[in-house]
Amino acid sequence: MNLFRLAGDLSHLLAIIILLIKIWKTRSCAGLSGKSQILFALVYITRYLDLVTTYISLYNSFMKVIFISTSLATIYLMYSKFRATYDKNHDSFRIEFLIIPCVILSLVINSNFTVLEVLWTFSIYLESVAILPQLFLVSKTGEAESITSHYLFALGSYRALYILNWIYRYYAEGHYELIAIFAGCVQTILYCDFFYLYVTKVLKGKKLQLPA
(Lines give C-alpha, C1' and ligand atoms only; values in the text may rest on other atoms or scores of the structure.)
Protein backbone atom coordinates (compact mmCIF):
# COMPACT_ATOMS: atom_id res chain seq x y z
CA MET A 1 0.00 0.00 0.00
CA ASN A 2 1.18 3.50 -0.81
CA LEU A 3 -0.36 6.94 -1.27
CA PHE A 4 -0.95 6.51 -5.01
CA ARG A 5 -2.73 3.17 -4.61
CA LEU A 6 -4.86 4.49 -1.74
CA ALA A 7 -5.81 7.56 -3.78
CA GLY A 8 -6.61 5.30 -6.74
CA ASP A 9 -8.83 3.06 -4.62
CA LEU A 10 -10.64 6.07 -3.16
CA SER A 11 -11.13 7.55 -6.63
CA HIS A 12 -12.53 4.21 -7.81
CA LEU A 13 -14.86 4.08 -4.81
CA LEU A 14 -15.91 7.69 -5.43
CA ALA A 15 -16.82 6.83 -9.04
CA ILE A 16 -19.09 4.03 -7.84
CA ILE A 17 -20.71 6.25 -5.19
CA ILE A 18 -21.34 9.00 -7.78
CA LEU A 19 -22.91 6.45 -10.12
CA LEU A 20 -25.23 4.96 -7.49
CA ILE A 21 -26.27 8.40 -6.17
CA LYS A 22 -27.04 9.54 -9.72
CA ILE A 23 -29.28 6.54 -10.35
CA TRP A 24 -31.02 6.62 -6.97
CA LYS A 25 -31.62 10.39 -6.68
CA THR A 26 -32.82 10.86 -10.26
CA ARG A 27 -34.60 7.47 -10.33
CA SER A 28 -33.15 7.17 -13.79
CA CYS A 29 -30.38 5.37 -15.70
CA ALA A 30 -30.44 7.84 -18.59
CA GLY A 31 -27.02 8.36 -20.14
CA LEU A 32 -25.51 5.27 -18.53
CA SER A 33 -24.36 2.14 -20.31
CA GLY A 34 -25.64 -1.07 -18.78
CA LYS A 35 -23.21 -2.98 -20.96
CA SER A 36 -20.23 -1.23 -19.39
CA GLN A 37 -21.62 -2.11 -15.96
CA ILE A 38 -21.94 -5.78 -16.98
CA LEU A 39 -18.32 -5.74 -18.11
CA PHE A 40 -17.15 -4.16 -14.86
CA ALA A 41 -19.10 -6.75 -12.84
CA LEU A 42 -17.41 -9.47 -14.88
CA VAL A 43 -14.04 -7.82 -14.19
CA TYR A 44 -14.55 -7.76 -10.42
CA ILE A 45 -15.97 -11.28 -10.16
CA THR A 46 -13.17 -12.90 -12.16
CA ARG A 47 -10.45 -10.84 -10.46
CA TYR A 48 -11.57 -11.31 -6.88
CA LEU A 49 -12.29 -15.03 -6.80
CA ASP A 50 -9.24 -15.27 -4.53
CA LEU A 51 -11.50 -13.93 -1.76
CA VAL A 52 -12.32 -17.55 -0.98
CA THR A 53 -8.72 -18.80 -1.18
CA THR A 54 -6.40 -16.03 0.02
CA TYR A 55 -6.59 -13.50 2.86
CA ILE A 56 -4.34 -10.45 2.50
CA SER A 57 -5.88 -7.84 4.82
CA LEU A 58 -9.23 -6.60 6.09
CA TYR A 59 -8.94 -3.54 3.84
CA ASN A 60 -8.22 -5.69 0.79
CA SER A 61 -11.14 -8.06 1.43
CA PHE A 62 -13.51 -5.19 2.23
CA MET A 63 -12.74 -3.33 -1.00
CA LYS A 64 -13.15 -6.49 -3.08
CA VAL A 65 -16.57 -7.19 -1.54
CA ILE A 66 -17.60 -3.56 -2.09
CA PHE A 67 -16.63 -3.58 -5.78
CA ILE A 68 -18.41 -6.86 -6.49
CA SER A 69 -21.58 -6.01 -4.55
CA THR A 70 -21.93 -2.46 -5.88
CA SER A 71 -21.41 -3.58 -9.48
CA LEU A 72 -24.16 -6.18 -9.10
CA ALA A 73 -26.39 -3.60 -7.37
CA THR A 74 -25.87 -1.19 -10.28
CA ILE A 75 -26.89 -3.87 -12.78
CA TYR A 76 -30.00 -4.61 -10.71
CA LEU A 77 -30.98 -0.93 -10.66
CA MET A 78 -30.44 -0.52 -14.39
CA TYR A 79 -32.03 -3.73 -15.63
CA SER A 80 -34.75 -4.21 -13.03
CA LYS A 81 -35.79 -1.37 -10.71
CA PHE A 82 -35.31 1.51 -13.19
CA ARG A 83 -35.26 -0.43 -16.44
CA ALA A 84 -37.94 1.84 -17.96
CA THR A 85 -35.36 4.67 -17.99
CA TYR A 86 -32.56 2.58 -19.50
CA ASP A 87 -31.78 3.63 -23.07
CA LYS A 88 -31.09 0.23 -24.61
CA ASN A 89 -31.46 1.56 -28.15
CA HIS A 90 -28.40 3.80 -27.83
CA ASP A 91 -26.50 1.33 -25.64
CA SER A 92 -25.82 -0.90 -28.63
CA PHE A 93 -22.10 -1.65 -28.35
CA ARG A 94 -21.35 -5.33 -29.13
CA ILE A 95 -19.56 -6.37 -25.93
CA GLU A 96 -18.76 -9.84 -27.29
CA PHE A 97 -16.20 -8.07 -29.50
CA LEU A 98 -14.43 -7.10 -26.26
CA ILE A 99 -14.96 -10.26 -24.21
CA ILE A 100 -13.82 -12.83 -26.79
CA PRO A 101 -10.45 -11.18 -27.60
CA CYS A 102 -9.79 -10.74 -23.87
CA VAL A 103 -10.50 -14.44 -23.27
CA ILE A 104 -8.09 -15.42 -26.05
CA LEU A 105 -5.39 -13.01 -24.85
CA SER A 106 -5.65 -14.24 -21.26
CA LEU A 107 -5.19 -17.83 -22.42
CA VAL A 108 -2.21 -16.97 -24.62
CA ILE A 109 -0.46 -14.19 -22.67
CA ASN A 110 -0.38 -14.71 -18.91
CA SER A 111 2.26 -15.04 -16.22
CA ASN A 112 1.11 -18.44 -14.98
CA PHE A 113 -1.30 -20.87 -16.62
CA THR A 114 -3.58 -21.60 -13.65
CA VAL A 115 -7.32 -21.00 -13.35
CA LEU A 116 -7.08 -18.05 -10.95
CA GLU A 117 -4.16 -16.48 -12.81
CA VAL A 118 -5.89 -16.75 -16.20
CA LEU A 119 -9.08 -15.26 -14.74
CA TRP A 120 -7.07 -12.45 -13.13
CA THR A 121 -5.33 -11.76 -16.45
CA PHE A 122 -8.68 -11.79 -18.27
CA SER A 123 -10.04 -9.24 -15.79
CA ILE A 124 -7.05 -6.96 -16.37
CA TYR A 125 -7.49 -7.07 -20.16
CA LEU A 126 -11.26 -6.60 -19.94
CA GLU A 127 -11.06 -3.69 -17.51
CA SER A 128 -8.86 -1.79 -19.95
CA VAL A 129 -11.72 -1.68 -22.49
CA ALA A 130 -14.81 -2.01 -20.27
CA ILE A 131 -15.53 1.71 -20.46
CA LEU A 132 -15.84 1.66 -24.28
CA PRO A 133 -19.64 0.99 -24.32
CA GLN A 134 -20.11 4.01 -22.02
CA LEU A 135 -17.94 6.27 -24.16
CA PHE A 136 -19.71 4.92 -27.26
CA LEU A 137 -23.08 5.78 -25.69
CA VAL A 138 -21.99 9.31 -24.82
CA SER A 139 -20.64 9.76 -28.34
CA LYS A 140 -23.84 8.40 -29.87
CA THR A 141 -26.19 10.61 -27.84
CA GLY A 142 -23.91 13.62 -28.30
CA GLU A 143 -23.60 14.74 -24.68
CA ALA A 144 -23.37 13.63 -21.06
CA GLU A 145 -24.87 15.02 -17.87
CA SER A 146 -22.42 16.62 -15.44
CA ILE A 147 -22.93 13.83 -12.90
CA THR A 148 -22.11 11.20 -15.54
CA SER A 149 -19.03 13.19 -16.52
CA HIS A 150 -17.90 13.30 -12.87
CA TYR A 151 -18.32 9.53 -12.68
CA LEU A 152 -16.19 9.00 -15.80
CA PHE A 153 -13.53 11.41 -14.58
CA ALA A 154 -13.27 9.68 -11.18
CA LEU A 155 -13.06 6.29 -12.91
CA GLY A 156 -10.34 7.49 -15.28
CA SER A 157 -8.44 9.11 -12.41
CA TYR A 158 -8.40 5.79 -10.57
CA ARG A 159 -6.51 4.10 -13.39
CA ALA A 160 -4.15 7.06 -13.90
CA LEU A 161 -3.29 6.98 -10.18
CA TYR A 162 -2.62 3.26 -10.42
CA ILE A 163 -0.03 3.93 -13.11
CA LEU A 164 1.73 6.21 -10.62
CA ASN A 165 1.40 3.40 -8.07
CA TRP A 166 3.17 0.99 -10.45
CA ILE A 167 5.95 3.51 -11.09
CA TYR A 168 6.40 4.01 -7.37
CA ARG A 169 6.47 0.27 -6.67
CA TYR A 170 9.02 -0.31 -9.40
CA TYR A 171 11.46 2.22 -7.94
CA ALA A 172 10.69 1.52 -4.27
CA GLU A 173 10.26 -2.26 -4.35
CA GLY A 174 11.55 -3.42 -7.73
CA HIS A 175 8.08 -4.90 -8.36
CA TYR A 176 6.20 -4.66 -11.63
CA GLU A 177 3.43 -6.46 -13.55
CA LEU A 178 3.89 -5.95 -17.29
CA ILE A 179 0.38 -7.14 -18.15
CA ALA A 180 -1.26 -4.79 -15.64
CA ILE A 181 0.93 -1.87 -16.69
CA PHE A 182 0.20 -2.35 -20.40
CA ALA A 183 -3.55 -2.75 -19.88
CA GLY A 184 -3.65 0.22 -17.49
CA CYS A 185 -1.89 2.44 -20.03
CA VAL A 186 -4.36 1.38 -22.75
CA GLN A 187 -7.26 2.20 -20.43
CA THR A 188 -5.85 5.60 -19.52
CA ILE A 189 -5.27 6.46 -23.19
CA LEU A 190 -8.96 5.77 -23.87
CA TYR A 191 -9.82 8.47 -21.33
CA CYS A 192 -7.42 11.13 -22.64
CA ASP A 193 -9.89 12.85 -24.98
CA PHE A 194 -12.53 12.75 -22.25
CA PHE A 195 -10.13 14.24 -19.67
CA TYR A 196 -9.41 17.18 -21.97
CA LEU A 197 -13.10 17.87 -22.58
CA TYR A 198 -13.88 17.45 -18.87
CA VAL A 199 -11.35 20.07 -17.82
CA THR A 200 -12.19 22.54 -20.60
CA LYS A 201 -15.99 22.20 -20.50
CA VAL A 202 -17.54 20.41 -17.53
CA LEU A 203 -15.52 22.26 -14.89
CA LYS A 204 -16.68 25.50 -16.52
CA GLY A 205 -20.31 24.50 -16.16
CA LYS A 206 -20.89 23.33 -19.72
CA LYS A 207 -22.31 19.99 -20.83
CA LEU A 208 -19.77 17.53 -22.08
CA GLN A 209 -20.12 16.68 -25.75
CA LEU A 210 -18.08 14.07 -27.58
CA PRO A 211 -17.78 13.92 -31.36
CA ALA A 212 -20.05 11.31 -32.91
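The values are calculated or read from the model by the stated rules, or taken from the named source; none is laboratory data. Fair warning: this is a prediction, and the values are worked out from it, not measured in the lab. Virtual Cβ from ideal backbone geometry, glycine too; neighbours counted across all protein chains shown. Just the protein is used for accessible areas: all its heavy atoms, side chains included, with ligands, DNA and RNA removed. Shrake-Rupley method; radii C 1.70, N 1.55, O 1.52, S 1.80 Å.
Overview of values
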| read-out | value |
| --- | --- |
| DSSP loop trypsin sites (Lys or Arg not before Pro) with at most 14 other Cβ within 10 Å excluded, longest remaining stretch of the chain | 95-205 |
| Integer Hz, Karplus 6.51/-1.76/1.60 couplings in order for the range 170-186, x for Gly and Pro | 5, 7, 8, 10, x, 9, 7, 10, 4, 5, 5, 5, 4, 5, x, 5, 4 |
| Among Cys102, Cys192, Cys29, residue whose mean-square fluctuation peaks in a GNM of the chain (springs only between Cα atoms under 10 Å) | Cys192 |
| Fully extended contour minus Cα-Cα distance, from Ser69 to Val103, at 0.36 nm per residue | 9.9 nm |
| Per residue accessible area in Å² of the chain, where ligands, DNA and RNA are left out and the probe is 1.4 Å | 52 Å² |
| Longest segment of the chain lacking chymotrypsin sites (Phe, Trp or Tyr not before Pro) that sit in a DSSP loop with at most 15 other Cβ atoms within 10 Å | 114-175 |
| Phi to ³J(HN,Hα) by Karplus 6.51 cos²θ - 1.76 cosθ + 1.60 over the range 7-15, Hz, x for Gly, Pro | 5, x, 4, 5, 5, 4, 5, 4, 4 |
| Inter-site label distance for Ser92 and Cys192 at 7 Å from Cα along Cβ, in nm | 2.9 nm |
| Set of aspartates and glutamates with alpha-carbon distance to Lys35 below 20 Å, sequence-local pairs under 8 removed | Asp87, Asp91, Glu96, Glu127, Glu143, Glu145 |
| Theoretical ellipticity at 222 nm over the chain - DSSP helices of four or more residues, -39500 (n - 2.57) apiece, nearest 500 | -23500 deg cm²/dmol |
| Among Leu107, Leu72, Leu58: highest mean-square fluctuation, GNM of the chain, C-alpha pairs under 10 Å | Leu58 |
| Of Ile167, Ile18, Ile75, the one that fluctuates the most in a GNM where the chain has Cα springs shorter than 10 Å | Ile167 |
